[in-house]
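Here's the structure, in structure tokens; my notes come after.
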Amino acid sequence: MDPIIEKHTISVLVDNEPGVLARVIGLFSGRGYNIESLTVAETDAEQKLSRITVVTSGTRMIIEQIKAQLDRLVPVHKVRDLTDEGPHIERELALIKVAGTGERRIEALRLADIFKARVVDATLTSFVFEMTGAVDELDDFIGLMRQLGLVDVSRTGIAAISKGPAAL
Amino acid sequence: MSEKLTGAEILIKALRDQGVDVIFGYPGGAVLPIYDALFKQNDVRHILVRHEQAAVHAAEGYARSTGKVGCVLVTSGPGATNAVTGLVDALMDSIPIVCLTGQVPTHLIGNDAFQEADTTGITRPATKHNYLVKQVDQLARTVHEAFYVARTGRPGPVLIDLPKDVQFAEGTYTAPQEVRHKTYRPQVKPEIARVEEAIELIASAKRPILYTGGGVINSGPLASQLLTQFARMTNIPVTSTLMGLGAFPASDPQWLGMVGMHGTYEANLAMHGCDVMINLGARFDDRVTGKLSAFAPGSKKIHIDIDPSSINKNVAVDIPVVGDCAHVLEDMIRIWKARQKQLDKAALKSWWAQIGTWRSVDCLRYQRTDKVIKPQYALERLRELTRGRDPYVTTEVGQHQMWAAQFLPFEQPNRWMTSGGLGTMGYGLPAAIGVQIAHPDALVVDVAGEASIMMNIQELSTAVQYKLPVKIFILNNQWMGMVRQWQELLHGSRYSESYSEALPDFVKLAEAFGCVGLRATSVDELDGVITQMIETRRPVVVDVCVDQKENCFPMIPGGKAHNEILLGPDDKPGQATPEEGMVLV
């Protein structure tokens with residue numbers, strides 16, 4: 001029987017110091033864990049804290065290992081498994097460039113409206129759409145744009161937060 | 001306002017305040033200001049090694065034999081890269097080290113300057129933590145933090161990279177008591193509920209075993225005392241990993257010997273047959289577990305470890321207890337007594353009877369002969385002739401290391417220094433130097449092989465310079481013995497590149513370095529040579545010419561279970577080693 005592979009979204013609060021991202025990424029590559037998505041940005045400038053959101057997959061034993069290994073890194077303050085801890089929100093932002101003219105261009109704009117993607121740049125032959133949403137929604141929209149002249153995509157990776165009043 | 005000091009002076013002051021009395025190192029361009037500051041003071045003694053790898057191993061030997069943090073100072077570039085093997089060795093064996101590396105000036109970092117290497121990048125996975133200090137006012141704080149991180153929780157090596165301009169710059173000193181780490185506070189006291197569960201499970205056991213590891217040694221001598229107390233009050237048999245030897249006295253009747261690939265028959269079969277396993281500060285390493293799916297089947301497992309990431313890493317356990325071994329043992333003893341627990345006497349008696357029959361196999365027996373020195377016999381004689389002298393033993397890596405673990409008895413912790421996790425050939429001589437620096441009057445023996453010793457042989461020069469009477473006891477079989485043994489057992493006796501061709505004359509080599517060189521080629525020379533070695537207050541190299549064909553048994557071949565243990569050369573594996581076993585190292 002194959003062990004069940006689970007997908008987990010993990011939030012990690014770290015000191016924003018040089019090399020901290022390399023430590024986290026090195027941990028994943030060095031120990032052979034998967035990274036499906038990883039985002040990082042400073043979230044508290046005063047205390048110099050950054051929040052890393054990592055989506056990873058593995059067996060239950062591997063997921064527990066990943067959390068324990070992350071927690072063991074010296075600059076790590078907190079590790080939380082959002083997938084385990086209950087309802088949470090995951091969002092991603094994408095910038096999507098579509099080039100074309102005529103009917104395809106009109107169709108792209110129409111679909112963007114349906115998907116609530118915003119036009120942030122326009123020329124006579126192209127659009128850049130900005131879209132925020134769940135990963136699946138982004139995938140769907142980008143999939144449609146592929147047939148309508150998609151030339152470039154930039155995605156941020158997932159940012160996630162738990163529902164309710166509790167903090168990380 | 002405190003006075004202004006240079007970075008180099010701040011560093012020395014910080015080391016002094018951290019209780020550093022000795023530092024192992026090698027100078028170079030990027031650390032010259034620090035060497036200048038060292039020159040002007042007398043509190044911190046510097047030991048000049050001959051290769052930076054040896055500086056780290058010497059610091060490891062110092063740390064492991066004292067329980068203190070070992071300290072290393074090397075230059076940038078090659079100085080730092082040469083130290084990497086030592087750092088990984090310390091990481092794998094959880095040895096507290098602070099390694100200071102020079103770095104090119106901050107404005108040159110990233111420019112491929114002379115002797116520049118990305119030291120923090122290279123050592124990130126080689127250390128518990130590392131730092132690059134870019135401002136002199138951060139220096140003292142960083143040093144204090146580094147010592148705290150190195151010795152706290154699961155110990156390990158910490159590196160501080162010091163650009164040369166920071167060493168020259170003037171700044172202010174920060175005292176250790178003003179530094180508190182922002183985040184790093186490992187749990188040392190266990191959750192009592194977990195300990196209570198563990199006690200209940202132990203009390204219900206019919207065939208319990210204590211499987212102890214390096215965590216007991218790292219916890220300090222108190223943990224070893226408490227382990228002994230707990231084992232004696234419960235009469236539970238005790239085995240240990242390679243790293244844990246000495247935590248429980250080898251002369252105790254409850255001692256089963258070492259567990260694992262070259263562990264004793266009784267220890268491995270007791271692990272296989274136990275119903276409750278109490279893992280104290282060990283990490284279910286592959287050398288211990290053998291085939292995971294057949295590891296101690298039908299047993300309930302308690303795992304006590306200071307590092308939560310060790311728990312459920314290789315083996316799923318029933319009761320995890322996160323904490324320092326001494327704290328946990330204290331609670332275990334207290335709760336055991338308070339609840340007036342007792343093991344089922346009849347069950348325990350039959351468990352001991354079963355162990356007795358395994359013991360009677362006498363798994364460490366070997367073919368005795370007068371014609372050639374058997375390596376096991378050489379170690380038995382070393383054991384007898386050093387009895388009562390409380391020797392400190394280091395080893396290199398290979399057959400001799402396993403024989404030393406099997407044949408030398410350790411009664412106390414901190415007497416046994418060997419490269420367990422990384423398996424670093426060349427570890428033993430520099431480690432012995434570090435031990436001897438810490439214990440100038442002790443008998444320090446490096447049990448070596450002729451291949452391993454060549455990997456850091458240059459350190460004989462260090463031993464001579466500091467008049468360190470270390471004893472290098474070479475079991476010379478003219479083969480990389482463990483490589484040859486595996487080739488014999490697993491690769492159809494195709495001895496590819498494992499013969500020690502063109503060996504030096506070790507006696508002459510010793511003399512060339514200014515050491516004493518001795519040789520034993522026959523059984524009747526052996527005792528005299530060992531006695532002379534012990535009595536000579538100088539570094540001694542002993543070339544013991546041993547049986548070239550001897551293999552190390554017992555042995556659990558890779559990918560096999562504990563009960564598939566081979567006892568000797570006539571004991572053939574029941575079936576060929578499976579493919580998945582072959583690929584294991």
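The values are calculated or read from the model by the stated rules, or taken from the named source; none is laboratory data. The structure displayed is predicted, hence computed values, not measured ones. Neighbour counts are summed over all protein chains in view; Cβ atoms, including those assigned to glycine, are modelled from backbone coordinates with ideal geometry. Note: areas computed on protein heavy atoms with side chains; ligands, DNA, RNA excluded. Shrake-Rupley method; radii C 1.70, N 1.55, O 1.52, S 1.80 Å.
Using a cut-off of 18 Å between Cα atoms, the listed pairs B:206/B:341; B:508/B:549; B:134/B:164; B:13/B:182; A:7/A:78 include B:508/B:549; B:13/B:182; A:7/A:78 as exceeding that distance. Computed with every protein chain present, the accessible area of residue B:9 is close to 80 Å² [probe 1.4 Å].
Using R0 = 45 Å, the C-beta based FRET efficiency linking residue A:120 and residue B:188 works out to 0.25.
A crude spin-label estimate for the pair residue B:411 and residue B:111, with each label 7 Å from Cα along the Cβ direction, gives 6.2 nm.
Under a 5 Å amide H cut-off, with hydrogens placed 1.01 Å from N, residue A:157 pairs with A:93 among residues at least 5 apart or on other chains.
Given their separation in residues at 0.36 nm each and the Cα-Cα distance between them, residue B:349 and residue B:521 gain 57.3 nm when the chain is fully extended. Of the trypsin sites (Lys or Arg not before Pro) in region B:1-58, the ones in a loop by DSSP (not H, G, I, E or B) with at most 15 other beta carbons within 10 Å are B:4, B:40. Placing +1 on the Cβ of every Lys and Arg and -1 on the Cβ of every Asp and Glu, with no other charges, gives chain B a dipole of roughly 1320 debye about its Cα centre. About its Cα centre, region A:89-162 has a charge dipole of approximately 220 debye under the convention of +1 per Lys or Arg Cβ and -1 per Asp or Glu Cβ, with nothing else charged. Rolling a 1.4 Å probe over the protein heavy atoms leaves residue B:419 with an accessible area of roughly 0 Å². Accessible surface for region B:329-435, divided over its residues, is 43 Å² per residue with a 1.4 Å probe. Quote the total accessible area buried by chains B and A together, excluding ligands, DNA and RNA, probe 1.4 Å, nearest 100 Å². Rounded to the nearest hundred, the buried surface is 1300 Å².
Note that the protein assembly as shown, at 20 °C in a medium of 1.002 mPa s, gets a Stokes-Einstein diffusion coefficient of 75 µm²/s from its Kirkwood radius over C-alpha pairs.
Springs join every pair of Cα atoms under 10 Å in this Gaussian network model of chain A, and among A:149, A:133, A:157 the largest mean-square fluctuation is at A:149. Each residue of region B:303-318 was assigned a 3J(HN,Hα) from its phi angle through the Karplus expression (A = 6.51, B = -1.76, C = 1.60, θ = phi - 60°), giving 10, 9, 8, 7, 10, x, 6, 6, 7, 6, 7, 9, 10, 6, 10, 8 Hz with x at Gly and Pro.
Note on residue B:340 and residue B:497: the extension gain reaches 50.5 nm, defined as 0.36 nm multiplied by sequence separation minus the Cα-Cα distance. The average projected area of region B:5-178, computed from the convex hull of its Cα atoms over all directions, is 8.6 nm². Applying the criteria of a DSSP loop state and at most 14 other Cβ atoms within 10 Å to the chymotrypsin sites (Phe, Trp or Tyr not before Pro) of region A:103-139 yields no site. With a 1.4 Å probe and every protein chain kept in, tell me what percent of the accessible surface of chain B is carbon plus sulfur. Exposed carbon and sulfur together represent 51 percent of the surface.
Averaged over peptide A:62-72, how many Cβ atoms belonging to another chain are found within 10 Å of each residue's Cβ?
The shielding value for this peptide is 4.
Shielding of peptide B:100-107 by partners, expressed as the average count of other chain Cβ atoms within 10 Å per residue Cβ, is 0. Once all protein chains are placed together, residue B:482 keeps about 40 Å² accessible to a 1.4 angstrom probe.
Using per-residue counts of other Cβ atoms within 10 Å, averaged over each peptide, order B:81-93, B:106-118 from highest down. Walk me through the intermediate numbers first.
Numbers: B:81-93: 24.5, B:106-118: 14.1.
My ranking of the peptides, most packed first, is B:81-93, B:106-118.
With a cap of 16 neighbouring Cβ atoms within 10 Å, and only residues DSSP puts in a loop, list the trypsin sites (Lys or Arg not before Pro) found in region A:1-91.
On the way: sites: A:7, A:23, A:31, A:48, A:51, A:60, A:67, A:72, A:78, A:80, A:91; in loops: A:31, A:48.
Within region A:1-91, the qualifying trypsin sites (Lys or Arg not before Pro) (loop, at most 16 other Cβ atoms within 10 Å) are A:31, A:48.
Averaged over the residues of peptide B:182-189, the number of Cβ atoms from other protein chains lying within 10 Å of each residue's Cβ is 3.
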